[in-house]
Every structure is written in C-alpha cells, then in structure tokens.
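Data block below; observations after.
The values are calculated or read from the model by the stated rules, or taken from the named source; none is laboratory data. Computed from a predicted model, the values in this text were never measured in an experiment. All Cβ positions, glycine included, derive from the backbone under ideal geometry; neighbour counts span all protein chains shown.
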Amino acid sequence: MTSETPYIHQHKDETEHHYQASPLYNIFLFEGKGRISIDFTEYDFAGNIVLFSSPYQLVRIIAETPIKVRSLQFHGDFYCIEYHKKEVACNGLLFNNIYAEPFVQLREEDFDEMHLLFDKLAAELNYKDDYSKAVIRAYLQLILAISSKAKITSVTVPENNFDNHYIAQFKELLETYFQKERQPSFYAAQLGVAANTFSKNCKTYFMRSPSNMIQERVILEAKKLIHLTRKSMKSIAAELNFDDENYFSRYFKKHTGVTPSTFREKVGISIVADLSR
C-alpha cells in the first residue's frame, strides 16, 4: 500500500483485535459489545460502531463475542482532513478530539449505508486511473460526512457529578494554558476545587486523569505543528515550552512511540503548510 491509495481490510471473527500504530488514518466498522482501547484509554461500546484513529495511535477492540471488523486506512497525502475541513468538519470531531469518545454509534440505516460505501470504495480500488481516485475520495468524504453528522447528533449531556459548567471551563483553561501549565493542581485551583475531587471528576467524564489529558493536548499540538507547518523541531520545542529539542523528542516518543522527525517523515507535511505562506 502506498500513501496515495486507501486500503480496506476485512478482519476475521475474533474477540480481540489489535492494531499497531502507523502513519495512517483509520476508520473501523463493526457491531457488538465490549471495550475499545485507544492509547490505553478504555471506552465501553455497544451496537453498530464506526471508530476513528489518527496516525500513531494504538487501537485495541475487545468484544464479548467474536466480531468481524472492517477497516479503511488512508494517508493524509490522499485525503487531507485539514484541507477539506469546510466540506467535512471531521478534524477535531472524529479525529484529533481528546475531549470525546473516538467512535460513533450508528443507526441501523446509517450502518448499512456505511457498509455499502465501503463496498463501493473497495470496488473502485481495483482501478488505477485518475477518475477512480476522484470517486474514491468522494466515497471517503461521504463516509466522513455521515459519521460527522451522526457524531454531532449523538452528543448528549453526561450524567455524573462533574457540573457541565466546570467541564466547559476546564476545556477552556486547558486550551488556554496547556503550553505553559502542565500540573493538574493549576487547573484544580483555577476551577476552585480540591485536587482529588478534580482528578476523580476528570476520570469520570473523560475516562482518564488530568495529567493524561494535559499530555494528550500537548502531543496533539505537537502533531499539528509537525504536520501542518514546516517549522523546525527546535522551533516547535520552544513554542511548546520544552527546555530543549532533545527533551521534546523524548517526551513525544514516550507518548507516540516515534520521534518527531520520524512522525514528520512518515505522516508527511500537509499541503496546508504551504497554503499559509
């Protein structure tokens, strides 16, 4: 598989499906009940599911009974989710969203249509001409559009003890201060709650600790700067307030499994980087 050609794979019936980190975007389609693990954060699932993962995320699907999983993989060189954000607002919703579950539960009719689109896209992969590439992009865009619509529709207010006002305020604080403030105690103080209470409520709503949330936000920004700009690693390290480039490289590799340079080499630099010049 080249970076210019998407790929659909049908995985056999199993209770556990493991997918190694790669420079590709992934869309998984399956039905059943169990747990999903994305970079070691776990979520419960039940029903007809479409799951999304970004480059260099570890994915594990553990079902209560054997399930078939279909996966659609594509490289950013083939379909740039940043460039097409006006057509399909999937970046920050389906992909690269640290605040929400990485999957959508589909209605039966949407699930059936998704399988049909997978079939049509797979059929077009047999042809190598430019017209087929255009059709494949159109099918992929339609898959993302249907998923984005379902994701927005499925957003509900969670039932837990973490008041929605504080949820919104924490998101706003994290978006404002993540580059400089990486201690959970800072955010707890800003919210006016005890550190233990903040940690407990964060785990209840986001399924992970405040420290993990902060780390994920830093890594997400690092990925954006590496992929969407031509800035040097030294410049990116400074922008993210790391003491030096080496420390930034170690931090990035610890959380992604690859160095910043390898990430840029494999994922590439988006066409968006040149459009902003």
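Residues that are modelled with pLDDT under 95 and in contact with a strand residue (DSSP E or B) (Cβ under 6 Å, 6 or more places away or on another chain): does segment 200-210 have at least one?
Checked segment 200-210: at least one residue is modelled with pLDDT under 95 and in contact with a strand residue (DSSP E or B) (Cβ under 6 Å, 6 or more places away or on another chain).
So which residues in segment 91-123 are under 12 Å from the mean Cα position of the chain (by Cα) and either outside any loop (DSSP other than H, G, I, E, B) or not assigned by TED's automatic domain parsing to the domain that holds Ser53 (or both)?
Those that are under 12 Å from the mean Cα position of the chain (by Cα) and either outside any loop (DSSP other than H, G, I, E, B) or not assigned by TED's automatic domain parsing to the domain that holds Ser53 (or both): Asn91, Phe95, Phe103.
Of all the residues that make up segment 33-78, how many are acidic (Asp, Glu) and over 27 Å from Val267 (Cβ atoms)?
Going through segment 33-78 one residue at a time, the tally reaches 2.
Within segment 212-220, is there a residue that is more than 23 Å from Ile269 (Cβ to Cβ), of a type in the set (S, T, N, Q) and either in contact with a Cys (Cβ under 6 Å, 6 or more places away or on another chain) or not in a helix (DSSP H, G or I) (or both)?
No, segment 212-220 contains no residue that is more than 23 Å from Ile269 (Cβ to Cβ), of a type in the set (S, T, N, Q) and either in contact with a Cys (Cβ under 6 Å, 6 or more places away or on another chain) or not in a helix (DSSP H, G or I) (or both).
Could you pull out the residue among Ser132, Ser148 that is assigned to a helix (DSSP H, G or I) and within 16 Å of the chain's Cα centre (by Cα)?
Ser148
Out of everything in segment 231-277 that is loosely packed, with under 15 Cβ neighbours inside 10 Å, touching a residue at least 60 places away in the same chain (Cβ under 8 Å) and over 25 Å from Met213 (Cβ atoms), what residue ends up being nearest to the chain's Cα centre (by Cα)?
Ile271
Could you list, ordered by first residue, the pairs with Cβ atoms under 6 Å in which the first is in segment 78-97 and free of Cβ contacts under 8 Å to residues at least 24 places away in the same chain and the second is of a type outside the set (D, E, K, R), at least 6 apart or interchain?
Final answer for the pair search is Lys85/Asn91; Asn91/Ile81.
Test Phe95 against the stated conditions and say whether it is over 25 Å from Tyr139 (Cβ atoms), of a type in the set (A, V, I, L, M, F, W, C) and surrounded by fewer than 22 Cβ atoms within 10 Å (Cβ to Cβ).
no
Among the residues of segment 244-264, write down those that are aromatic (Phe, Trp, Tyr) and within 15 Å of Gln57 (Cα to Cα).
Selection gives Phe252, Phe263.
Being over 21 Å from Asp77 (Cα atoms), in a loop (DSSP other than H, G, I, E, B) and not acidic (Asp, Glu) is the filter here; which residues of segment 225-255 pass it?
Correct list: Leu240, Asn241, Phe242.
Here is a check on your reading of the model: is Ala21 touching a helix residue (DSSP H, G or I) at 6+ places or on another chain (Cβ under 8 Å), more than 20 Å from Leu140 (Cα to Cα) and of a type in the set (A, V, I, L, M)?
yes
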